[in-house]
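Quick notes on the structure that follows.
The values are calculated or read from the model by the stated rules, or taken from the named source; none is laboratory data. The structure displayed is predicted, hence computed values, not measured ones. We place every Cβ from the backbone using ideal geometry, glycine too, and count neighbours over all the protein chains shown. The accessibility values were calculated without ligands, DNA or RNA, using every heavy atom of the protein model including side chains. Shrake-Rupley method; radii C 1.70, N 1.55, O 1.52, S 1.80 Å.
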Amino acid sequence: MPLFLRGVALPFNKGQAPDADVLAVSATGPVYIPLAKEEADAPTLCVEENSTVAAGQVLCHVDRLPVFSTIAGKFIGTTMVNHPLYGSLLCAVIKPTRSKRVETLPPVEEPDTDTIIEAAAQACIYDELDGIPLADKLRLWRMAENDQAALRSILVADATENDIYGSSAWCILKEQAQEALYGLQMAARALRFSRYHITTMLPRNRRRALKRLIGRENVFTTGDEYPVTVYDDSRDDVFCIGIQACAALSAALQQGQKHTHTILTVAGDGVPASRNVRVPFGMDLEEVLQACGADPEATVILGDAMTGVPCQNTHFPLLPGITTVLVMQSHAVRTPQPCIGCGRCATVCHAGLLPYEIVRRLENMHYERLRYLSTTSCDGCGACSYVCPAGRDVATQVLNANETRGTIFLNWGGVENE
Amino acid sequence: MNNITAPHIRTEAASRHLTRDVLLTTLPLCIFSAVTYGVRPVLIVLFSILSAIVSECVCCLFRRQSMQVIRDGSAAVTGALIGLVMSPMVDYWVPMLGAAFAIIVVKAPFGGYGRNVFNPAAAGIAVLSYCFPQRMFTYPIASSMNPLPTGMSVGDEVVTSLSLAAQLRADATPSITRMQLILGDFAGPIGATATLLLVACAVYLICRGTISCWTVVPYFATCALVAWLFPAAGVSRMYGVLAQVCAGYVLFTGVFLINDTVTTPRFWFARLLYGVSAGVLVMLLQRIGRVECGCCFAILLLNSIAPIMDRWSWYVWRYVTRFLRIRQEVKAHE
């Protein structure tokens, strides 16, 4: 726990989305299931072209993990798709049909460490925090039996949603709190951790209702600062997984359901009202935006308002790791002014860096000095840019410094080859 | 659209809001002075602001920069601060000269607002105090009954007195009561005698986030400690503390001059060090300096080492916290 709590208090603009029901949007156009990064690495498919597939039916295996269709439909073939976050991807194209056929796994009766991880792998559960398969995370963090470190470790389901617009985790807490807690419990069992809880920053009335529902000891309330750095008030090691992944693990263990759908928040001033929508993975983003009534002229930002990536083209599949899509009307960009030295960027930096100093060194081309300024500790949360009264892109500059530190001379060409 | 970078939402605060806050706090000080001395002090401050803005415009012309720069309000703040430390009976051209010097010599050559190394207001005051000490440090006796004339110069008919700071430096026993000190009923610069108002300004600026309590609180604590440890001759210890801290420039420096964001350190630990060292240096120069506004020289001296103070205090703090964290982890694993 840092000596001084840092971060910035963001205005919450979640609207009615956390209280409204989740809108289920089914695909009408083709759904794209990523198979590989390049055409040359295409895996051997288990299904033939133009054959009918059920939701959850395995298409192929990549690294011994199944890749399945997220909707029931017709497998047309494969195509290359350009994704703003993952680059070009070879995808299987599934055209939806009227069929509602769903393939499930057998439920796990008495889950233990190995069966839980195996179920997470077979159900292809992705952690929505970072888009990494849950099974990989569990395998990496799993402790040996009688390991003392397990006593000092705590598994946390992150349901904070401390972004301005995002509220999908709050929806899970509203609709599937008990399932999510069961999933978390099972994940903790897989890791051999004895302690686990859900960390949230819900409004007081909803927090009380949640505590009544799943027990006071299972809920930890964190502060309102962005970004969240305190998931637990003890000094123990904290391991975080997403709340949607917990709910999916519970569904996989109890009903054998595969992880085919995600809950997504579509918000911003380019949509009539913020909504949480349940969509299948691989669905075209354009379809989701149309279902939410988004302004076609508005800018679409993939991710939250603090770290999201703007995308020009919205025809790409929705993949795990994204829980918020913002539709923002274009607004005047403030011209950056010289740094006036207010020091707010240093005050809010949760990594304890000196962002203004890093930017100054970068601008003055003192690259050799950058390595003394711990630029690698920056995770790009954007709090420094948010508070900067001079309107400077501090976070972007710090990330640039992180990339270029010490190696700028190599990037000038020729030197590394000599 | 491609050049849009995260975050896609920004705080409403802008650089000009910070300077606006400071300008706003100078308003009650002017009003207080106007009540005591008539319209003349207000005119002095206005002329000073005008001179600063005109100088900034001239510099913009030379640098082929847009005149929009003056909208950030930094020139106005410099002018206002120089005007506020003038004697109420000073000739109008004196603060105008100081403000012009501050902008043309101290601020513009370094690249304008945000790039200056020294505090322009402190430099302007320092130059004036060395060039025109007679004009700057002759104060009329505070009286709301006889407002000062508004002509270019004030004649000999005005009753003058030494300022409190000068009396303390001369080891004289001031005749001002504690209540008068707190209410600001004593001879001194235009905006530097209203003790209660200055404290209120400091609280307002801290609450607005314009100035940092990491500088202000250590500064005043150090000033009070030094005044308590080395009391002025001929007065009681507690009265000495109150008189030395409230005597004109020390309080004004603590609220305005040491909090110029551009020239002070940004890291909290460096700000703390800066506040403490400013306190020691200001009290030292107040006591042994040639002129009674030694604080300006203290500020200028500290401005030159502020960037180094900033970096090195961060290095020290970083290594200390890292060491503590490692020790804690080692303990946890034992």
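Computed from phi, the 3J(HN,Hα) profile of region B:197-209 under the Karplus parametrisation 6.51, -1.76, 1.60 (θ = phi - 60°) reads 5, 5, 5, 4, 4, 4, 5, 4, 5, 5, 5, 6, x Hz, with x in place of Gly and Pro. A straight line joining the Cα centroids of region A:223-295 and region A:70-131 runs 16 Å. Here's how it looks for A:K74: its modeled amide H is under 5 Å from those of A:V53, A:K95, A:T97, which are all 5 or more places away or on a different chain. 3J(HN,Hα) along region A:232-248, derived from phi through the Karplus expression 6.51 cos²θ - 1.76 cosθ + 1.60 where θ = phi - 60°, amounts to 7, 8, 8, 8, 7, 6, 10, 10, 10, 10, x, 6, 5, 5, 4, 5, 5 Hz, with x in place of Gly and Pro. Antiparallel beta bridges, as assigned by DSSP with both residues in the protein assembly as shown, represent about 65 percent of the total such bridges. Considering only DSSP states other than H, G, I, E and B, which GluC sites (Glu not before Pro) in region A:131-203 qualify as loop sites with at most 14 other Cβ atoms within 10 Å? Those that pass, being in a loop and sparsely packed, are A:E145.
Its alpha carbons considered, region A:30-125 gives a radius of gyration followed by a Dmax of 14.4, 42 Å. Counting only the Cα atoms, chain A fills a convex hull of 176 Å³ per residue. Between amide H atoms placed 1.01 Å from N, distances below 5 Å from A:F68 occur with A:L59, all of them 5 or more places distant or on a separate chain.
For region A:253-393, report the % of Cα-Cα distances exceeding 24 Å. Value for region A:253-393 (Cα pairs over 24 Å): 48 percent. How many angstrom separate the Cα center of region B:145-164 from the Cα center of region B:60-120? Taking the Cα centre of region B:60-120 as reference, the centre of region B:145-164 is 27 Å away. What percent does the relative contact order of chain A come to when contacts are Cα pairs within less than 8 Å and at least six residues apart? Averaging sequence separation for qualifying contacts and normalising by length gives 18 percent for chain A.
Charge tally around A:D163: other residues with Cβ under 10 Å, Lys/Arg +1 each, Asp/Glu -1 each, net -1. Max-minus-min Cα coordinates of region A:344-411 on each principal axis give 33, 21, 15 Å, with the largest extent listed first. Averaging 1/r across all pairs of distinct Cα atoms in region A:141-208 and inverting the result yields a Kirkwood radius of 13.1 Å. Exposed loop sites were defined as chymotrypsin sites (Phe, Trp or Tyr not before Pro) in DSSP loop states (anything but H, G, I, E or B) carrying at most 10 other C-beta atoms within 10 Å; in chain A the longest segment without such a site runs A:5-411. Compared with the dominant Cα axis of chain B, that is its longest principal axis, helix B:15-37 is turned about 20°.
With N the number of residues in region A:214-331, Rg(Cα) / (2.2 N^0.38 Å) evaluates to 1.25. Once the Cα atoms are used to define both axes, helix A:204-214 deviates from the longest principal axis of chain A by about 40 degrees.
Classify region B:106-234 as rounded, prolate or oblate, taking a ≥ b ≥ c as the square roots of the eigenvalues of its Cα gyration tensor: rounded when a/c is under 1.5, otherwise prolate if a/b is larger than b/c and oblate if not. In terms of gyration-tensor shape, oblate. Distance check, please: which entries in A:K74/A:K258; A:K74/A:K174; A:K100/A:K174; A:K14/A:K137 exceed 23 angstrom between their Cα atoms? The pairs that break the limit, which is 23 Å between Cα atoms, are A:K74/A:K174; A:K100/A:K174; A:K14/A:K137. Interface burial in region A:350-379, defined as at least 50 Å² less accessible area with all protein chains than with the chain alone at a 1.4 Å probe, covers A:L354, A:Y356.
Overall size of region B:15-333 from C-alpha positions, given as principal axis extents largest first: 81, 57, 32 Å. In region A:103-152, one over the average inverse separation of all distinct C-alpha pairs is 12.2 Å, which is the Kirkwood hydrodynamic radius.
Based on protein heavy atoms only, chain B ends up with 44 Å² per residue of surface accessible to a 1.4 Å probe. Working note: Karplus 6.51/-1.76/1.60 with θ = phi - 60° gives region B:79-88 the couplings x, 4, 5, 5, x, 6, 9, 7, 5, x Hz, where Gly and Pro are set to x.
Remark: accessible area buried at the A-B interface is about 3700 Å², both chains counted, probe radius 1.4 Å. Protein heavy-atom surface of region B:123-177, 1.4 angstrom probe: 57% of the accessible area is carbon and sulfur, with nucleic acids and ligands not counted.
Carbon-plus-sulfur accessible fraction, region A:77-142 (probe radius 1.4 Å, protein heavy atoms only): 51%. Each principal axis of region B:45-159 carries a Cα extent, and these read 48, 24, 18 Å when sorted largest first.
At 1.4 Å probe size, put A:D163, A:D114 in order of accessible surface, largest to smallest. Mind dumping the intermediate values first?
Details: A:D163 10, A:D114 100 Å².
Putting A:D163, A:D114 in descending order of accessible area: A:D114, A:D163.
Taking every Cα-Cα distance in the protein assembly as shown and sorting them into 20 Å bins starting at zero, the pair-distance distribution P(r) comes out as 15, 37, 28, 16, 4, 0 percent.
Based on Cα coordinates alone, diagonalise the gyration tensor for region B:5-108, multiply each eigenvalue by 5, take square roots, and list the semi-axes in whole Å, largest first.
Three semi-axes, in Å: 28, 19, 8.
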